[in-house]
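**Student:** To start, I am sharing the structure in question, which I have written as structure tokens.
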Amino acid sequence: RVHRYEQHTDPATGETVHRAVDWEPYEISVVPIPVDPAAAIRGEDAQGSPTPANEPALTQDTIMPDPMPAAATAAQSPPAALSQETAVTTPSPAPAAPPPAPSAADPVAEALRGERERIAALGPVLAASRGLVPPAIGDALHQRAMAEGWTAEVLRGALWDAMVQGVKPPAIPAAPTTTVPAQGDPTVLREAMAEALAVRAMPGYQAQDAGRHSEFLGWRPSEMVAELMRARGERNVPRDTAKLAERAFHTTSDFPLLLSAAANKMLLAAYQPAQPTYRLLNLANGAGPTLTTGSTTVFATAAARANMAATGTALDLPNLALGRAAIMKQKTLDGLPISIGSSMRLVVGPNQEIAARQLTVNVAATQTSNANVFAGFVQPLVEPQIPANRWYLFSDPSAAPVYVYGYLNGAEGPQVTTGPVSGVDGVEVSVIFDFGVGAIDWRGAWFNAGT
């Protein structure tokens, strides 16, 4: 039977614990082997024999009145020895105060107070879940927690499970495998030095890095080689320029790679202005072989193709209109008119440049007959490799392509390689450029030999 509880909060779990501090058992069994191994019998130590209380000796005799008659006194007078004995008294132990009668209302009040605190702690947990858990689910869990005696932690866990149930886990992006190279990395240094060499050797070159190359603009090549050797961890860097050059031209050093990178940058920078010409034309006009579609040349006067003037004519407005009309009359494999796109390309050589630009330039005409109808629609392109007075008219490459070109995979421009030269203090620089072009159709072009 419990008379009094002591209430406290467990710091580990946050739960309210009721501990019985005043209780009495109904029955106690003493057995050789208890159920609880920690059970033991304890008792108060023995108090021993009581200590006699010695009365203090009297310093003066006190004469007491004799209420009894003399005869009785003489008959009952004790021996003289008894008058000298010391009285010994044993005090009786004071009776223990009875414990206060337990109040029958205390355990009930403690239990009710603990229950009220438990139910009150559920409210903030439910309020925090608003907006994260549907209201119907939250209210149902709250009612269940009050009925089944859940603590606030149990209700919080149930609300969390309800929130994450059915939610698709977020996609976590994979960690990037690339890392930013350190500033002292030899590869970074060599790239910056190559940019510096390209800026110094090629006026107008625009460096591609973030300005690191400016640090090496005033450096000599020998100083760059020495710095690259130190970045590689070499301690014995030669101070003699001749020995340093001998080490630099070795095939395993960074100097050939530095020269190759600088040459690549300058060559690609010079190649970029010419690249859009090939991209717009889809045409190669070098001294290569005659391109064919199947076993027939691209341009022919026969009715099967009819994309070539029978005789050469001058480049003027009527003949340009004839060429455009000839392209528009071509048919697809399904017998439908082809699409020429929103613009056309007029390709000429140096001899016909002025005539081509006069036909395509915008003029402020005061009369309709003087307006340039092809201005803004036909784009002139001058190719120095076109001989004599030839001129070509092409439709938009995205609508009716005639030629296609391509590079090797990963080599969309000239590639520079370096190698040793036997018997010479230097390196050999080679430029390799793989470029392929082929004819795929003849319907989107017109050729005139000119006069």
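**Student:** Kindly provide the set of residues from the range 290-337 that are loosely packed, with under 10 Cβ neighbours inside 10 Å and either modelled with pLDDT under 90 or over 22 Å from N389 (Cα atoms) (or both), ordered by number. Spell out how you get there, then give the answer.
**Tutor:** Initial filter on the range 290-337 (loosely packed, with under 10 Cβ neighbours inside 10 Å): 290, 294-295, 302-304, 310-311, 318, 333-336.
Across the range 290-337, the qualifying residues are T290, G294, S295, A302, A303, A304, L333, D334, G335, L336.
**Student:** Would you call G286 modelled with pLDDT under 90, within 20 Å of V404 (Cβ to Cβ), part of a loop (DSSP other than H, G, I, E, B) and within 55 Å of the chain's Cα centre (by Cα)?
**Tutor:** Values: modelled with pLDDT under 90: yes; within 20 Å of V404 (Cβ to Cβ): yes; part of a loop (DSSP other than H, G, I, E, B): yes; within 55 Å of the chain's Cα centre (by Cα): yes.
Here the answer is yes, as G286 does meet what is asked.
**Student:** A further question on this structure: Assess whether N362 counts as being among the polar types (S, T, N, Q), surrounded by fewer than 17 Cβ atoms within 10 Å (Cβ to Cβ) and assigned by TED's automatic domain parsing to the domain that holds P401.
**Tutor:** Here the answer is yes, as N362 does meet what is asked.
**Student:** So, R190, is that one basic (K, R), at pLDDT 80 or above, more than 31 Å from the chain's Cα centre (by Cα) and assigned to a helix (DSSP H, G or I) or not? First the steps, then the outcome.
**Tutor:** Details: basic (K, R): yes; at pLDDT 80 or above: yes; more than 31 Å from the chain's Cα centre (by Cα): no; assigned to a helix (DSSP H, G or I): yes.
The answer is no for R190.
**Student:** For the range 400-409, state whether one or more residues are assigned to a strand (DSSP E or B), farther than 30 Å from G323 by Cβ, within 44 Å of the chain's Cα centre (by Cα) and polar (S, T, N, Q).
**Tutor:** Among the residues of the range 400-409, not one is assigned to a strand (DSSP E or B), farther than 30 Å from G323 by Cβ, within 44 Å of the chain's Cα centre (by Cα) and polar (S, T, N, Q), which makes the answer no.
**Student:** Working carefully through the options W442, W446, find the one that is touching a Lys or Arg at 6+ places or on another chain (Cβ under 8 Å), part of a loop (DSSP other than H, G, I, E, B) and not aliphatic (A, V, I, L, M).
**Tutor:** On the way: W446 fails: part of a loop (DSSP other than H, G, I, E, B).
None of the other options fit; the residue is W442.
**Student:** Within the group E412, E353, which residue is more than 18 Å from A445 (Cα to Cα) and either touching a Pro at 6+ places or on another chain (Cβ under 9 Å) or aromatic (F, W, Y) (or both)? I'd like the intermediate steps shown before the answer.
**Tutor:** Details: E412 fails: either touching a Pro at 6+ places or on another chain (Cβ under 9 Å) or aromatic (F, W, Y) (or both).
Every option except E353 fails the conditions.
**Student:** Could I ask something else about it? So in the range 325-342, with the set limited to residues that are within 50 Å of the chain's Cα centre (by Cα) and free of Cβ contacts under 8 Å to residues at least 60 places away in the same chain, which one is farthest from A445 (Cα to Cα)?
**Tutor:** Looking at residues that are within 50 Å of the chain's Cα centre (by Cα) and free of Cβ contacts under 8 Å to residues at least 60 places away in the same chain, I get S342.
**Student:** Which count do you get for residues in the range 193-204 that are of a type outside the set (A, V, I, L, M, F, W, C) and under 35 Å from the mean Cα position of the chain (by Cα)? Can you show your working first?
**Tutor:** We begin by selecting, within the range 193-204, every residue of a type outside the set (A, V, I, L, M, F, W, C); these are 195, 200, 203-204.
Next, only the ones that are under 35 Å from the mean Cα position of the chain (by Cα) stay: 195.
Residues that pass the stated criteria total 1.
**Student:** Within the bounds of the range 389-398, is there any residue that is farther than 15 Å from M308 by Cα and free of Cβ contacts under 8 Å to residues at least 40 places away in the same chain? Give the steps one after another, and end with the answer.
**Tutor:** Just the residues of the range 389-398 that are farther than 15 Å from M308 by Cα, to begin with: 396-398.
When the remaining residues are screened for being free of Cβ contacts under 8 Å to residues at least 40 places away in the same chain, the result is none.
No, that holds for no residue.
**Student:** Out of the range 414-428, which residues are in contact with a helix residue (DSSP H, G or I) (Cβ under 8 Å, 6 or more places away or on another chain) and either without any contact (Cβ under 8 Å) to a residue 12 or more places away in the chain or buried (at least 16 other Cβ atoms within 10 Å of the Cβ) (or both)?
**Tutor:** Once the filter is applied, which keeps residues that are in contact with a helix residue (DSSP H, G or I) (Cβ under 8 Å, 6 or more places away or on another chain) and either without any contact (Cβ under 8 Å) to a residue 12 or more places away in the chain or buried (at least 16 other Cβ atoms within 10 Å of the Cβ) (or both), the range 414-428 yields P414, Q415, V416, T418, V427.
**Student:** Further, regarding this structure: Would you be able to tell me the number of residues in the range 203-227 that are modelled with pLDDT under 80 and of a type in the set (D, E, K, R)?
**Tutor:** Result for the range 203-227: 2.
**Student:** Taking the range 209-229, which residues are in contact (Cβ under 8 Å) with a residue 24 or more places away in the chain and either in contact with a strand residue (DSSP E or B) (Cβ under 6 Å, 6 or more places away or on another chain) or not β-branched (V, I, T) (or both)? Before you say what the answer is, go through the steps one by one.
**Tutor:** Restricting attention to the range 209-229, the residues satisfying the condition of being in contact (Cβ under 8 Å) with a residue 24 or more places away in the chain are 212, 216, 219, 221-222, 224-225, 227-229.
Residues satisfying the conditions are R212, F216, W219, P221, S222, M224, E227, L228, M229.
**Student:** Mind telling me which of the residues R200, R230 ends up being surrounded by 11 or more Cβ atoms within 10 Å (Cβ to Cβ), more than 16 Å from K265 (Cβ to Cβ), at pLDDT 80 or above and among the charged types (D, E, K, R)?
**Tutor:** Working: R200 fails: more than 16 Å from K265 (Cβ to Cβ).
One residue alone meets the criteria, R230.
**Student:** Take the conditions outside any helix (DSSP H, G or I) and at pLDDT below 85 and apply them to P107. Does it pass? Write out each step before concluding.
**Tutor:** Working: outside any helix (DSSP H, G or I): no; at pLDDT below 85: yes.
The answer is no for P107.
**Student:** Restricting to the range 3-23, name every residue that is in contact (Cβ under 8 Å) with a residue 24 or more places away in the chain and closer than 19 Å to G149 by Cβ. Reasoning before the result, please.
**Tutor:** Keep residues of the range 3-23 that are in contact (Cβ under 8 Å) with a residue 24 or more places away in the chain, which gives 3-5, 7, 13-16, 18, 22.
Scanning the range 3-23 gives Y5, Q7, T13, G14, E15, T16, H18.
The values are calculated or read from the model by the stated rules, or taken from the named source; none is laboratory data. Computed from a predicted model, the values in this text were never measured in an experiment. Please note: Cβ atoms are built from the backbone with ideal geometry, for glycine as well, and neighbour counts cover all protein chains shown.
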